[in-house]
1. What does the charge count around Asn98 come to, taking other residues whose C-beta lies under 12 Å from its C-beta (Lys +1, Arg +1, Asp -1, Glu -1)?
2. How many nm separate the modelled label positions at Glu17 and Gln195, each set 7 Å beyond the Cα in the direction of the Cβ?
3. Each residue of region 165-173 in order: what ³J(HN,Hα) in whole Hz does its phi give by Karplus 6.51 cos²θ - 1.76 cosθ + 1.60, θ = phi - 60°, with x for Gly and Pro?
4. To check you understand DSSP bridge types, tell me what percent of the beta bridges within region 51-192 (both residues inside) are antiparallel, rounded to 5.
5. Between Ser42 and Glu133, what is the label-point separation in nm under the 7 Å Cα-to-beta-carbon projection?
6. Rounded to the nearest 0.05, what FRET efficiency do Leu185 and Thr28 have when you use their Cβ-Cβ distance and R0 = 35 Å?
7. Test of the criteria: in region 32-72, which GluC sites (Glu not before Pro) are in a DSSP loop and have at most 15 other Cβ atoms within 10 angstrom of their Cβ?
8. Using 0.36 nm per residue, how much length does the chain from Tyr115 to Ser99 gain when fully extended, once their Cα-Cα distance is taken away?
Amino acid sequence: GTMYNTGRHVSLRLDKEHLVNISGGPMTYSHRLEEIRLHFGSEDGQGSEHLLNGQAFSGEVQLIHYNHELYTNYTEAAKSPNGLVIVSIFMKISETSNSFLNRMLNRDTITRITYKNDAYLLSGLNIEEVYPETSSFITYEGSMTIPPCYETATWILMNKPIYVTKMQMHSMRLLSQNQPSQIFLSMSDNVRPVQPLNNRCIRTNINFSMQGKDCPNNRAQKLQYRGQCPTFLLK
């Protein structure tokens, strides 16, 4: 794949000859991985776009997939019903890092994309390595977090974080939103403000009794949702 500095995200896009599809869990259709984006904060503990019990994490990895069974490409799917599935994985500071993130964030790699529009080719990546060792997730129907924020995304939040080192977080904070000839502005804090739930139904396959009201307009469906872990079909 190729890593990019988009000016807003660290973005990883796969080569067209290496397709990754995801299915199962809360998904009715198979979805194809389009892009991986990294969100992170200027300080530890404030870089995620989702909060867990009111607490943010240092960063968030988002794997953005589009419905390739119904739509011909990502652009069409992003503005269409059942268009996107975004798998979200929290990043947490540790002494060691996730092996996939280590490939992206080691000094030799991350310094190749310091400025906006910089790109760097990475080979030999295994997408499954980015996932934490859990089959538990929380899911809800929501919107994209970048404009125009279409309400076309099914979000799947994995129930365990993956880890990055302090040095890797620091390296990401040295990435610029701008080109070399412009003033340096750190890419950090590239997160959308947390949005209200607006009566959205949140489901999970975590095996515990969740308190609260039934999902609106779906009285037979409790907040707890039992489903299988998403599976990967590598083609």
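1. Numbers: positive: Lys92, Arg103, Lys160; negative: Glu128, Glu129, Glu133.
Local charge sum for Asn98: 0.
2. The answer from the label model is 3.9 nm.
3. Each residue of region 165-173 in turn: 8, 4, 5, 5, 4, 4, 4, 5, 5 Hz.
4. Working: 16 of 24 bridges.
Roughly 65 percent of the beta bridges in region 51-192 run antiparallel, per DSSP.
5. About 3.7 nm, to one decimal.
6. Numbers: r = 41 Å, r/R0 = 1.18.
Result of the calculation: an efficiency of 0.30.
7. Details: sites: Glu34, Glu35, Glu43, Glu49, Glu60, Glu69; in loops: Glu43, Glu49, Glu69.
Passing both the DSSP loop test and the Cβ count: Glu43, Glu69.
8. Numbers: separation 16, 0.36 × 16 = 5.76 nm, distance 2.44 nm.
Value of the extension gain: 3.3 nm.
Read-outs: derived from the displayed coordinates by stated rules, not from any lab. Keep in mind it's a predicted model, so treat the numbers as computed, not measured. When we count neighbours, we look across all protein chains shown, and the Cβ atoms used for this are built from the backbone with ideal geometry, even at glycine.
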